[in-house]
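The values are calculated or read from the model by the stated rules, or taken from the named source; none is laboratory data. Keep in mind that this is a model prediction, so the values were computed, not measured. Methodologically, a virtual Cβ is constructed for each residue, glycine included, from the backbone with ideal geometry; neighbour enumeration extends over all protein chains shown.
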Amino acid sequence: MKTKISVSKIFSFEAAHALDGFGGKCKEIHGHSYKMTVTVRGTPNNNIDNPNCGMVIDFGDVKNIVNERVLPLFDHRLILRDDSRFRGIEAKNEKVRYVPYQPTCENMLLEIAKILEPEFYNKLRLFKLRLQETSTSYAEWNLSYD
């Protein structure tokens, strides 16, 4: 049996959202400084002739994938539900992104997982994601074997 190791990389981004229909203060447009941890699991390369020997994945590769596939959709964006009462605000702000879900931390995390899962294949798996919305609140996604 080969030993599996998890490696993680942390990312930061700024985003705003509004939770239309929500009963609390988060129904209004507001922003967060998000921290996202991406954890990939796999078997370290054991080919002594390979410069990546000992690595599960180069941290730079994880960084490139997240920077290309995830951050452009979330970083410095105002994220609103498709039917938001703020529809039309994009005429004054080009960084608005409409999504088919309530843009909670949990739903944003599910979208990020859906984007990243196919990026890690063969001997690697997206194992865990954590999206921290405030200094004391976060949502976590874990690989499911269901």
Search result, residues across region 55-101 that are charged (D, E, K, R) and either touching a Ser or Thr at 6+ places or on another chain (Cβ under 8 Å) or over 24 Å from LYS35 (Cβ atoms) (or both): ASP82, ASP83, ARG85, ARG87, GLU90, LYS92, GLU94
So GLY60, is it surrounded by 12 or more Cβ atoms within 10 Å (Cβ to Cβ) and among the small types (Gly, Ala, Ser): no
Number of positions in region 5-56 that are over 22 Å from the mean Cα position of the chain (by Cα) and either within 19 Å of PRO118 (Cα to Cα) or of a type in the set (Phe, Trp, Tyr) (or both): 2
Residues located in region 97-116, provided they are surrounded by 14 or more Cβ atoms within 10 Å (Cβ to Cβ) and free of Cβ contacts under 8 Å to residues at least 12 places away in the same chain: ASN107
Counted residues, region 67-96 - those being under 19 Å from PHE22 (Cα atoms) and either touching a residue at least 24 places away in the same chain (Cβ under 8 Å) or in a helix (DSSP H, G or I) (or both): 8
Counted residues, region 11-35 - those being assigned to a strand (DSSP E or B) and either in contact with a helix residue (DSSP H, G or I) (Cβ under 7 Å, 6 or more places away or on another chain) or surrounded by fewer than 11 Cβ atoms within 10 Å (Cβ to Cβ) (or both): 3
Single residue of region 87-123 satisfying the filter (among the β-branched types (Val, Ile, Thr) and more than 29 Å from SER144 (Cα to Cα)) that is modelled with the highest pLDDT: VAL96
Hey, ARG130 under 17 Å from the mean Cα position of the chain (by Cα), in contact (Cβ under 8 Å) with a residue 60 or more places away in the chain, under 17 Å from ALA15 (Cα atoms) and part of a strand (DSSP E or B) or not: yes
Test: residue in region 79-86 that is under 22 Å from SER135 (Cα atoms), modelled with pLDDT of 95 or more and surrounded by 11 or more Cβ atoms within 10 Å (Cβ to Cβ): yes
